[in-house]
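S.K.: I have a structure I would like to understand better, so I am pasting it below and will then ask my questions one at a time.
All of the numbers you see were taken from the coordinates with simple rules; none came from a lab. Quick caveat, the model's predicted, so the values are computed rather than measured. Please note: Cβ atoms are built from the backbone with ideal geometry, for glycine as well, and neighbour counts cover all protein chains shown.
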Amino acid sequence: MSLTTAKPVQIKTMEQLFMRGRSRLLSWRCFWGILMKSPLNQRVHSQLGKLPVSQCCEFFYTLSCNLLNTEELAAMQVLSSMLFLLPDETQHTQKARATLLRRSFQLAPTVEPMMVHYFTENLLKYFQPGHHLNSSHLLGIANYIATKCAIGKAVAVCLLWSIIYECGETEILIHQYRELSTLCNILNEVCVSRMNVTSFGILLRSIGTLLHLLLCGQGLRDFLTHGYPASFFRILPQDVQKLIDWVKNALEEFALRRPGALQRARYAAKKLLTSLDYLDAHGIQWCLVCRDAQGQPFDDCIKYCVLSDIRIK
Ligand SMILES: [Zn+2]
């Protein structure tokens, strides 16, 4: 007979969960500060930090069942993003935190451009790209919300553009969809020799994720129905070639100035180059696994495609 007994699950409180945050941005103090400055502050009680994580998630979920205005929703998106990013091995609470983040976007059933701008700007106000840890947080949020609903995808695309523009030290006034030809112009402004390999990796993953979100078919009909031009969802063959050249030149720069980091830089570039080579080899403007020759998305696109690979760590 086995004498082993199951290890009791330790119930963590919110404050204990935040002790595991890897950055100042993911501290209980910041979470509470954001909450108190937001219009949601009237609806919470002061002992929230002492509550078990699952109970707190339930509390916010119930709160979200009330009709929230745009400002309250935006605050909820930042708070649930913070919760989502905290490391925690307990599956039950992981799921509850992810559900909360998904819900904070699903409650805004619109891809109206000014709303997309507002939600994006609000997230960026807190997770300012620039430091690689913040950009990594933004990439994590973008990756998750992109697949949950149309507004999630719209905000994810704008967050990715922000990370890329930040690397090119170029300011964005309005967070919106833009044509992929812009990408090459911004990348020409990026000073690769000043980047560390972590920031370089985040930039490459942001570019690859952006290509996946725009060139594959998921949610495409929602955007076209709402008047987004089809030209946002394609890339011209000459731009693919320019991107390939840019990545290769960037790797040469690493070889010259940071030979010790070359291996890691090459590894980071591999998946992006695979996506670009696929587009280049077939001379195509979008993913032909996910969309037909006219660019219309396939209804039952659950197949693996090369462009989606960059989103898997
Ligand atoms: Zn695809």
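S.K.: So for the range 127-278, if I pair up every lysine 8 or more residues apart or on another chain, how many of those pairs have alpha-carbons under 17 Å apart?
M.R.: 4
S.K.: Right, something else. Taking the Cα centre of the range 165-313 as origin and charging only Cβ (+1 Lys, Arg; -1 Asp, Glu), how large is the dipole, in debye to the nearest 20?
M.R.: So the dipole magnitude of the range 165-313 works out to roughly 560 debye.
S.K.: Just how large is the dipole of the chain about the Cα centre, in debye to the nearest 20, putting +1 at every Lys and Arg Cβ and -1 at every Asp and Glu Cβ?
M.R.: The dipole of the chain has a size of about 1080 debye.
S.K.: Still on this structure, I have one more. With contacts defined as alpha carbon pairs under 8 Å and 6 or more residues apart, what's the relative contact order of the range 177-313 in percent?
M.R.: Result for the range 177-313 is 36 percent.
S.K.: Neighbouring Cβ atoms within 10 Å as the yardstick, rank 175, 45, 132 fewest first.
M.R.: Ascending Cβ contact count within 10 Å gives the list 45, 132, 175.
S.K.: What residue among 300, 277, 245 shows peak mean-square fluctuation when the chain is described by a Gaussian network model with Cα springs under 10 Å?
M.R.: 300
S.K.: Which residue, 285, 128, 55, tops the fluctuation ranking in a GNM of the chain built on C-alpha contacts under 10 Å?
M.R.: Result: 55 has the largest fluctuation of those listed.
S.K.: Going through the DSSP H helices of the chain, which span 24 Å or more along their own axis at the Cα atoms while scoring at least -0.5 as a mean Kyte-Doolittle hydropathy?
M.R.: Length and hydropathy pass: 150-167, 197-215, 237-257, 262-282.
S.K.: Let me ask something else. Give me, ordered by chain and number, the residues 5 or more places off residue 291 or on other chains with an amide H under 5 Å from its own placed amide H.
M.R.: So residue 291 has HN proximity to 298.
S.K.: Given a Förster distance of 22 Å, report the FRET efficiency between residue 125 and residue 44 from their Cβ-Cβ distance, rounded to the nearest 0.05.
M.R.: Computed FRET efficiency for residue 125 and residue 44: 0.60.
S.K.: In what sequence do 20, 194 fall when counting other Cβ within 10 Å, fewest first?
M.R.: By the 10 Å Cβ count, ascending: 194, 20.
S.K.: Quick one: putting +1 on the C-beta of Lys and Arg, -1 on the C-beta of Asp and Glu, what dipole do you get for the range 81-181 around its Cα centre, in Debye to the nearest 20?
M.R.: 460 debye
S.K.: Counting other beta carbons within 10 Å of each residue's own, what order do 46, 206, 308 fall into, fewest first?
M.R.: Arranged by neighbour count, lowest to highest, 46, 206, 308 become 46, 308, 206.
S.K.: Place a point 7 Å from Cα of residue 110 in the direction of its Cβ. Which residues in the range 140-172 have their backbone N less than 18 Å from it?
M.R.: Taking a point 7 Å out along Cα→Cβ of residue 110, the residues of the range 140-172 whose backbone N falls under 18 Å are 149-156, 158.
S.K.: For n ≥ 4 DSSP H runs only, could you compute -39500 (n - 2.57) per run for the chain, divide by its residues and tell me the 222 nm figure to the nearest 500?
M.R.: Helices in the chain give a 222 nm mean residue ellipticity of -18500 deg cm²/dmol.
S.K.: Spelling out what I want: for every residue of the range 287-297, take phi, set θ = phi - 60°, compute 6.51 cos²θ - 1.76 cosθ + 1.60 (Karplus), and round to whole Hz; glycine and proline get x.
M.R.: 6, 7, 7, 9, 9, 7, 4, 8, x, 6, x
S.K.: Oh, and also: Hey, in the GNM for the chain with a 10 angstrom Cα cutoff, which one of 108, 154, 255 fluctuates hardest?
M.R.: 255
S.K.: A further question follows. Using +1 at the C-beta of Lys and Arg and -1 at the C-beta of Asp and Glu, which of 227, 249, 213 has the Cα lying farthest in the positive direction of the dipole of the range 208-270?
M.R.: 249
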